[in-house]
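J.: Please read through the structure below; I'll follow up with questions.
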Amino acid sequence: MMVYGGKLVLRKLSIVFVIGLLAFTAACSSKSSSSTVSASATGTAAAVAAGTCPTGGNTVKFAKTKFVADAALAGGAFKRYIYTPAKDGKLKKGASGRVLALIKAAAAGAFVINRLKAAETAAQGNPTLCKIFVAPAAKFTAALTGLVGKAKSGGIAPSDVDGASGALTDLHNAASQGGAGFTDQANASIG
């Protein structure tokens with residue numbers, strides 16, 4: 001009887017944790033947050049259009065190195081915790097282990113967006129990256145935001161992650177054009 005009671009308490013705590021995490025995710029992706037992200041991306045695009053990218057050299061120390069590290073971590077976390085579980089069907093309604101997979105995907109989504117912002121900051125310090133990074137990063141962020149909405153509505157189907165994967169490929173291509181090609185960090189860990 002004691003073992004059963006322990007499992008029941010653990011299950012209740014897990015449910016409370018999931019609800020709290022979903023509430024946190026909802027708060028992070030509310031209208032104000034998404035407008036801040038789009039305003040930031042628009043501001044960066046406007047800055048690039050206005051020619052405020054550095055011209056003489058890097059304004060951020062080790063800009064390309066920081067960009068590559070942050071972009072690789074973002075790509076690796078996306079593939080490990082969002083793309084692969086979605087393609088394996090672990091994020092669909094009714095899938096075994098879905099709750100844990102959704103918790104990991106939500107945490108990874110927040111981590112990916114954080115690393116993309118850090119990569120954007122580094123890219124703004126390099127004349128070449130500054131001009132080519134903005135559009136692919138905004139596309140990838142928008143795709144991730146769309147996945148958050150689908151997760152809130154009940155699940156992510158395997159086909160739902162194709163758009164975000166394509167946006168990540170565009171990000172890889174843009175980085176390669178800027179001389180800062182990167183490989184997704186397959187061992188990216190959010191925990």
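J.: For the range 128-191 and the range 52-112, what is the separation of their C-alpha centers, rounded to whole Å?
T.: The range 128-191 and the range 52-112 have Cα centres spaced 7 Å from each other.
J.: Among the listed pairs LYS79/LYS104; LYS79/LYS139; LYS104/LYS152; LYS93/LYS150; LYS92/LYS139; LYS64/LYS139, which have their C-alpha atoms separated by more than 18 angstrom in this model?
T.: Values: LYS79/LYS104 12 Å; LYS79/LYS139 16 Å; LYS104/LYS152 14 Å; LYS93/LYS150 11 Å; LYS92/LYS139 24 Å; LYS64/LYS139 21 Å.
Long pairs (Cα-Cα over 18 Å): LYS92/LYS139; LYS64/LYS139.
J.: On full extension of the chain, what length is gained from ASN173 through ALA157, given 0.36 nm per residue of separation minus the C-alpha to C-alpha distance?
T.: Values: separation 16, 0.36 × 16 = 5.76 nm, distance 2.60 nm.
Gain on stretching ASN173 to ALA157: 3.2 nm.
J.: What does the charge add up to near ALA186, with Lys and Arg as +1, Asp and Glu as -1, over the other residues with Cβ less than 11 Å from its Cβ?
T.: +1
Since every read-out is calculated from the coordinates, none of them should be taken as a lab result. Computed from a predicted model, the values in this text were never measured in an experiment. Don't worry about glycine lacking a Cβ; one is built from the backbone with ideal geometry, like all the others, and counts go over all protein chains shown.
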